[in-house]
1. Given the DSSP H assignment, sum -39500 (n - 2.57) over each helix run of at least 4 residues in the chain and divide by its residue total; what's the result at 222 nm in deg cm²/dmol, nearest 500?
2. Return the sequence-ordered ³J(HN,Hα) values of the range 42-47 in whole Hz as given by the Karplus equation 6.51 cos²θ - 1.76 cosθ + 1.60 applied to θ = phi - 60°, using x for Gly and Pro.
3. Using the reciprocal of the averaged 1/r over all distinct C-alpha pairs, how large is the Kirkwood radius of the range 35-109 in Å?
4. Considering the Cα positions of the chain, please state its Rg to one decimal place and its Dmax as a whole number of Å.
5. For the range 73-102 and the range 125-185, what is the separation of their Cα centres, given in Å?
6. In debye, nearest 20, what is the charge dipole magnitude of the range 100-185 about its Cα centre with +1 on Lys and Arg Cβ and -1 on Asp and Glu Cβ, if you could check?
7. Only Cα pairs under 8 Å and at least 6 apart count here; give the relative contact order of the chain as a rounded whole percent.
8. Loop-only chymotrypsin sites (Phe, Trp or Tyr not before Pro) in the range 1-76, please: DSSP not H, G, I, E or B, and at most 16 other Cβ atoms within 10 Å.
Amino acid sequence: MQLYALCDTSTLNEKGVSLSFFVERAKKFGAEVLQYRNKHADIATIKSDLILLRKIWDSFLIINDHYELAQFCDGIHIGQEDLYAIDPDPVRAIKILKMAIGEDKIVGLSTHNKLEIEISNTLNINYIGLGAYRSTATKPDAKVLGKELDNIAAFSTHPVAAIGGIKLDDQFQHVTYHVIGSGLL
């Protein structure tokens, strides 16, 4: 299992936790990737946080959604809606995205079912996020896959990051990364 730390600012604010504290916890647990997700701040605040994170986090740093800030990170993670907002053809959407952020940047895509995985298999991306495994407070409307997540993950040709209520002791056969956010706190 490889650990992928999800740094969601809403959760950190709710728990009174700083970015630097979260980074130290992620390091303590051996996280190899950190995704920064901030759905509510202005672009200047997000940029400032990314600059700080780049100083204190020396492994892979991924930004959620804000591909215009990819220069401050190693890559981006986007959702299905974001992909199709770029272009209705997902292959073209990824080409456009790669032109905007650079070919050397990591691209991750959220998936929720076998069909979305089959489409992702045709895309020039680095990994998929698959979930939700369990229900979570940050995505209360997400469809819970439960034990089926591992079976669905087997269809991916990309590394799979299991998302949604993942715990450190969860066991999967077809999952590369465990994405854990508040579970690190």
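1. Result for the chain, helices only: -9500 deg cm²/dmol.
2. So the Karplus estimates, Gly and Pro as x, are 6, 4, 5, 5, 4, 4 Hz.
3. Evaluated over the range 35-109, this radius sits at 12.6 Å.
4. 15.4, 41
5. Answer, in whole Å: 21.
6. 220
7. Once divided by the residue count of the chain, the mean separation gives 21 percent.
8. Filter output for the range 1-76: Phe29.
No value in this document is a laboratory result; all are computed from the given coordinates. The structure displayed is predicted, hence computed values, not measured ones. All Cβ positions, even for glycine, are placed from backbone atoms using ideal geometry, and neighbour counts span all protein chains on display.
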